[in-house]
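The values are calculated or read from the model by the stated rules, or taken from the named source; none is laboratory data. Computed from a predicted model, the values in this text were never measured in an experiment. Every residue, glycine among them, receives a Cβ derived from its backbone with ideal geometry; neighbour counts consider all protein chains shown. Keep in mind that these areas ignore ligands, DNA and RNA; they rest on the heavy atoms of the full protein, side chains included. Shrake-Rupley method; radii C 1.70, N 1.55, O 1.52, S 1.80 Å.
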Amino acid sequence: MKPFRRNILIGIAILILAGAAAGGYGYYRVFYGADTGLVYTGLVEGVAVGGYDPVAYFKKGEPVKGSPEITLNYKGATWRFSSEENRALFQNSPDKYAPAYGGYCAWATAQGYLAKGDPEVWDIVGGRLYLNYDKSIQDRWQKDVPGFIEKAEEEWPRIVEEKS
């Protein structure tokens with residue numbers, strides 16, 4: 001192995017170990033805490049919820065890809081919808097349908113930082129859509145959903161303030 005590649009790999013390993021030692025899942029911050037503004041748009045550049053229709057979670061009970069032809073701009077991101085009806089519903093009540101914490105991982109928000117929200121790892125609780133980083137994080141989230149929501153509600157204003 002060439003010395004340059006070896007040094008890169010050693011550097012990555014140190015970052016992962018340092019992050020893990022600093023807080024278990026702290027390494028998510030290093031690699032996956034992509035801050036894309038008030039709405040997470042890291043899966044599809046500039047597009048919220050990875051291009052999925054946020055209204056469909058409520059109407060169909062599952063993630064449904066939105067169309068690039070049926071969109072709406074909201075909070076600095078493009079939102080895609082699977083139908084004109086869903087776009088109109090969102091336009092009339094965006095706070096009802098937009099995922100909590102801008103689509104960032106709800107569990108990570110409760111920990112005080114940002115991590116990607118995966119549109120295929122989701123929950124609706126109390127009429128609100130929550131995304132999580134991955135299935136293992138969602139398993140953690142589901143152990144104390146009310147507690148994590150309470151913590152995330154405390155942390156989100158601070159996170160938003162830091163972004164301003």
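Some observations on this one:
- Verdict on ALA98 being modelled with pLDDT of 95 or more, of a type outside the set (Phe, Trp, Tyr) and touching a helix residue (DSSP H, G or I) at 6+ places or on another chain (Cβ under 8 Å): yes
- Out of GLY42, GLY11, one residue alone is assigned to a loop (DSSP other than H, G, I, E, B) and at pLDDT below 95. It is GLY42.
- If you go through the range 78-89 and keep only what is of a type in the set (A, V, I, L, M, F, W, C), touching a helix residue (DSSP H, G or I) at 6+ places or on another chain (Cβ under 8 Å) and surrounded by fewer than 21 Cβ atoms within 10 Å (Cβ to Cβ), you end up with just LEU89.
- Among the residues making up the range 143-164, those that are farther than 23 Å from ASP35 by Cβ and open to solvent by less than 90 Å² (accessible area, probe 1.4 Å) are ASP144, VAL145, GLY147.
- Selection count, the range 60-77, where residues are in contact (Cβ under 8 Å) with a residue 24 or more places away in the chain and either open to solvent by 30 Å² or more (accessible area, probe 1.4 Å) or under 21 Å from GLY127 (Cα atoms) (or both): 4
- None of ASN132, ASN86 is at negative phi and either in contact with a Phe, Trp or Tyr (Cβ under 6 Å, 6 or more places away or on another chain) or touching a residue at least 60 places away in the same chain (Cβ under 8 Å) (or both) except ASN132.
- Which numbered condition ASP123 fails, given (1) touching a residue at least 40 places away in the same chain (Cβ under 8 Å); (2) surrounded by fewer than 24 Cβ atoms within 10 Å (Cβ to Cβ): (1)
- One residue stands out in the range 54-80 among those that are in contact with an Asp or Glu (Cβ under 8 Å, 6 or more places away or on another chain) and of a type in the set (Gly, Ala, Ser): the one that is farthest from ALA98 (Cα to Cα), namely GLY66.
- Considering the conditions (1) within 20 Å of LYS116 (Cα to Cα); (2) open to solvent by less than 30 Å² (accessible area, probe 1.4 Å), LEU43 is excluded by exactly one of them, (2).
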